[in-house]
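Contents: one structure, followed by commentary.
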Amino acid sequence: MTKHRRLLGIASILSLLTAPLTSGLARPQDSNSRPHALLRTLAAFTNAELARLDHGEPIAKVLDTDRREVAVVGAVRIAGAQAKLFERYRSASTVKTSDVVMETGRFSAPPVPEDLRDLHLEDYDLDTIRACKPGDCGVRLSTHDMDRFAHEVNWNAANWKQQAGDLWRKLLAANAAAYIASGTLGDYRNKAIPLDVSAEFAILFDAFAEFEKLSPEFMAHVKRFPGAPLEGAEDLLYWSKDDINRPVTRITHLALYPAPPGAHRPGLAATKQIYAAHYFDAGLALTCAFDDGAFGFYMVSMNRVRTRSLTGLSRALVRSMVQRRSREAMEGILRSMKANIEK
């Protein structure tokens with residue numbers, strides 16, 4: 001498998017963060033002003049593009065970012081109830097919802113290793129962990145986790161893979177429990193320069209200022225979790241193994257904040273990737289559901305991922321391909337969401 005093919009998998013993760021043309025759509029009037037304004041601010045969508053959106057076509061654009069980030073904004077108008085959108089998000093944490101998702105499951109409260117019983121760990125990852133040391137590890141691990149693997153697994157035993165797999169499930173569950181209890185995020189030492197996931201999210205959240213204007217309380221809830229409880233919000237933590245040109249184990253926080261009847265604010269959903277074994281340093285996606293004033297809603301999403309896999313002059317072409325694939329992936333997931341809700 002080439003390095004370029006592996007890097008293109010970043011586009012797939014953007015569609016996963018969002019996930020979970022009908023001619024009968026009525027022409028919107030004042031009801032499209034808020035989604036239109038948001039899309040113009042986020043990505044300078046043109047009047048022609050917004051007209052396509054009003055008639056039910058998905059639209060998407062890649063944003064200018066630094067070399068360590070890929071970001072895409074997209075929207076689609078859906079003839080259906082917002083409640084179905086939130087049902088789709090909930091199902092994403094318990095069932096296989098796309099060809100990219102190989103395995104998935106929801107963590108209990110608090111998370112325990114048994115929650116990961118259906119996660120089949122890859123021999124490649126276990127072989128990699130066997131050789132890990134701080135600053136040189138093919139899997140994202142903290143120094144503490146590397147020490148535990150070094151001292152608690154008998155690497156000479158015939159069943160060393162089972163021992164390593166059991167320990168990794170314990171560590172993943174412990175990290176998930178720490179996040180739920182105090183919002184603790186990883187500090188990984190798999191490369192020479194350590195990765196502070198909290199610092200990566202600080203950069204990501206700064207880019208969501210326009211969403212914060214729509215619901216400061218929801219953004220605070222997601223950003224400071226669990227330090228800013230929010231009545232009406234629903235939080236789910238789930239694990240997945242995703243086929244991103246290689247299997248990647250991830251942990252994601254899903255926060256849902258449906259709009260009650262008559263509410264002025266849109267319905268909101270956030271996916272916050274707090275761990276990935278490969279490729280992704282952090283990922284954040286926000287989706288808004290604006291009532292269209294007829295019999296449906298506008299779904300507006302912005303997805304951003306941070307990665308150290310696209311830096312360097314030699315990666316410029318790969319980065320361009322990733323951006324193109326990311327836009328195509330966004331359009332695809334919006335089209336799929338529309339079709340599933342409307343059928």
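The values are calculated or read from the model by the stated rules, or taken from the named source; none is laboratory data. Quick caveat, the model's predicted, so the values are computed rather than measured. Cβ sites come from the backbone with ideal geometry, for glycine too, and all protein chains shown count toward neighbours. Each accessible area value is taken on the protein alone, full model and side chains, heavy atoms only, with ligands, DNA and RNA left out. Shrake-Rupley method; radii C 1.70, N 1.55, O 1.52, S 1.80 Å.
Pulled fully out, how much extra length does the chain show between R130 and N156, if you take 0.36 nm times their separation in residues and subtract their Cα-Cα distance? Write down the numbers at each step before the final one.
Numbers: separation 26, 0.36 × 26 = 9.36 nm, distance 1.06 nm.
Answer, rounded to one decimal: 8.3 nm.
Cys residues of the chain that find no other Cys beta carbon under 4.7 Å: C288.
Derived value for region 184-343: Kirkwood hydrodynamic radius 17.4 Å. Basis is the mean of 1/r over every pair of different alpha-carbon atoms. In the context of the full set of protein chains, the chain has a per residue accessible area of 43 Å² (1.4 Å probe). Spin-label model, D118/E217: points 7 Å from Cα along the beta carbon direction are separated by 3.4 nm.
Suppose R0 equals 35 Å. What FRET efficiency, 1/(1 + (r/R0)^6) with r the Cβ-Cβ distance, do D166 and R90 give to the nearest 0.05? Given R0 = 35 Å and the Cβ-Cβ separation, E is 0.75.
Provide the gained length on full extension for the span R246 to R265, in nm with one decimal, where the gain is 0.36 nm per separating residue minus the Cα-Cα distance. Don't skip to the answer; put the middle values down first.
Values: separation 19, 0.36 × 19 = 6.84 nm, distance 3.94 nm.
2.9 nm is the gain from fully extending R246 to R265.
Rolling a 1.4 Å probe over the protein heavy atoms of the chain, with every protein chain left in place, gives an accessible area that is 51 percent carbon and sulfur.
Assuming a ≥ b ≥ c are the square roots of the Cα gyration tensor eigenvalues, decide whether region 37-101 counts as rounded (a/c under 1.5), prolate (otherwise, with a/b larger than b/c) or oblate. Judged from the Cα gyration tensor, region 37-101 comes out oblate (a/c at least 1.5, b/c at or above a/b).
In a shell of Cβ-Cβ distance under 13 Å around C132, excluding C132 itself, what net charge do Lys and Arg (+1) and Asp and Glu (-1) give?
With Lys, Arg at +1 and Asp, Glu at -1, the neighbours total +1.
Cα centroids of region 137-193 and region 220-284: 22 Å apart.
Which of rounded, prolate, oblate describes the chain, given a ≥ b ≥ c as roots of the alpha-carbon gyration tensor eigenvalues and a/c under 1.5 marking rounded, otherwise prolate only if a/b is larger than b/c?
Details: a/c = 2.02, a/b = 1.69, b/c = 1.20.
It is prolate, given that a/c is not under 1.5 and a/b is the larger ratio.
Projecting the Cα positions of A131, S142, V322 onto the charge dipole of the chain (unit charges on Cβ atoms of Lys, Arg, Asp and Glu, taken about the Cα centre) puts V322 furthest along the positive direction. Dividing the summed -39500 (n - 2.57) terms of all DSSP H runs of n ≥ 4 by the residue count of the chain sets its mean residue ellipticity at 222 nm at -12000 deg cm²/dmol.
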